[in-house]
1. Which of LEU37, LEU122, LEU161 moves the most in a Gaussian network model of the chain with Cα springs under 10 Å?
2. Using the heavy atoms of the protein chains and a 1.4 angstrom probe, tell me the accessible area per residue for the chain in square angstrom.
3. How long is the gain from THR21 to TYR89 if the chain were fully straight, where each residue apart is worth 0.36 nm and the alpha carbon distance is subtracted?
4. May I ask for the net charge around VAL108, where only other residues with Cβ less than 14 Å from the Cβ of VAL108 are counted and Lys, Arg are +1 while Asp, Glu are -1?
5. Could you pull out every residue, at least 5 positions away or on a different chain, whose amide H is within less than 5 Å of the one on VAL130? Hs are placed 1.01 Å off N in the peptide plane, and Pro or chain starts have none.
6. Quick one: plug the Kirkwood hydrodynamic radius of the range 89-145 (C-alpha pairs) into Stokes-Einstein at 25 °C, 0.890 mPa s, and report D in µm²/s.
7. Computed FRET efficiency, Cβ-Cβ of THR53 and SER129, R0 25 Å: what is it to the nearest 0.05?
8. May I ask for the Kirkwood hydrodynamic radius of the range 1-127, worked out over all distinct Cα pairs and given in angstroms to one decimal?
Amino acid sequence: DTMSTTPPLSTADRLLATGATRLETALAAALLAAVALNAANVVARYVFGQSITGADELQIYLMLVLAFFGSVVATVRRQHLRMDVLVRYFPQAMQRLLDALEGIAAAVLCAFVCWISTQYALRMQQIGSVSENAHIPMWIPHAVVALAFAVLTVIGVLRLLPGSSPRPVATDDTTTTG
């Protein structure tokens with residue numbers, strides 16, 4: 001049993017943690033709404049012989065929100081998947097360097113996906129594309145992707161700034177969880 005001291009969180013990290021908790025609550029509500037819609041649709045289909053128009057599409061879009069904004073929560077909490085099987089045995093200085101390089105690469109990639117997704121969402125809005133049954137404007141689900149990656153980019157940049165709380169560095173007997 002080794003005791004480790006956790007450095008105090010920066011203001012940005014505290015704000016991100018608070019935002020992640022609120023977002024997680026909203027995502028839980030969205031999941032409950034999707035489940036309730038699914039149950040209502042099953043009852044409508046099998047009891048009354050008529051499904052709720054657009055219910056399947058709306059559930060898919062809710063799942064899209066859950067997945068992409070769930071990744072934001074996981075990123076803030078440093079609970080995203082990470083391949084650190086070998087890295088955890090490197091010296092701490094090398095771990096920090098690789099962590100910084102990983103952060104830069106992630107921020108650049110997220111910014112790129114955000115830009116591409118934004119362009120696509122704008123095209124969907126310009127042509128007035130809507131979903132087949134619920135007639136949901138297609139720019140909305142595509143904008144969800146862009147917005148989630150914009151938030152991920154901001155988180156990545158904030159984590160690269162001096163004063164950001166560092167990721168815990170792994171030692172021989174521990175592994176990182178995020």
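1. Among LEU37, LEU122, LEU161, the largest GNM mean-square fluctuation belongs to LEU161.
2. 65 Å²
3. Computed gain between THR21 and TYR89 is 21.3 nm.
4. Around VAL108, the charge tally is 0.
5. Correct list: MET138.
6. Rounded, D is 180 µm²/s.
7. My answer for the efficiency is 0.85.
8. 18.6 Å
The values are calculated or read from the model by the stated rules, or taken from the named source; none is laboratory data. All values reported here derive from a predicted model rather than from experimental measurement. Quick reminder, even Gly has a Cβ in these numbers, built from the backbone with ideal geometry, and neighbours come from all protein chains shown. Accessible surface areas use protein heavy atoms only, side chains included; no ligands, DNA or RNA. Shrake-Rupley method; radii C 1.70, N 1.55, O 1.52, S 1.80 Å.
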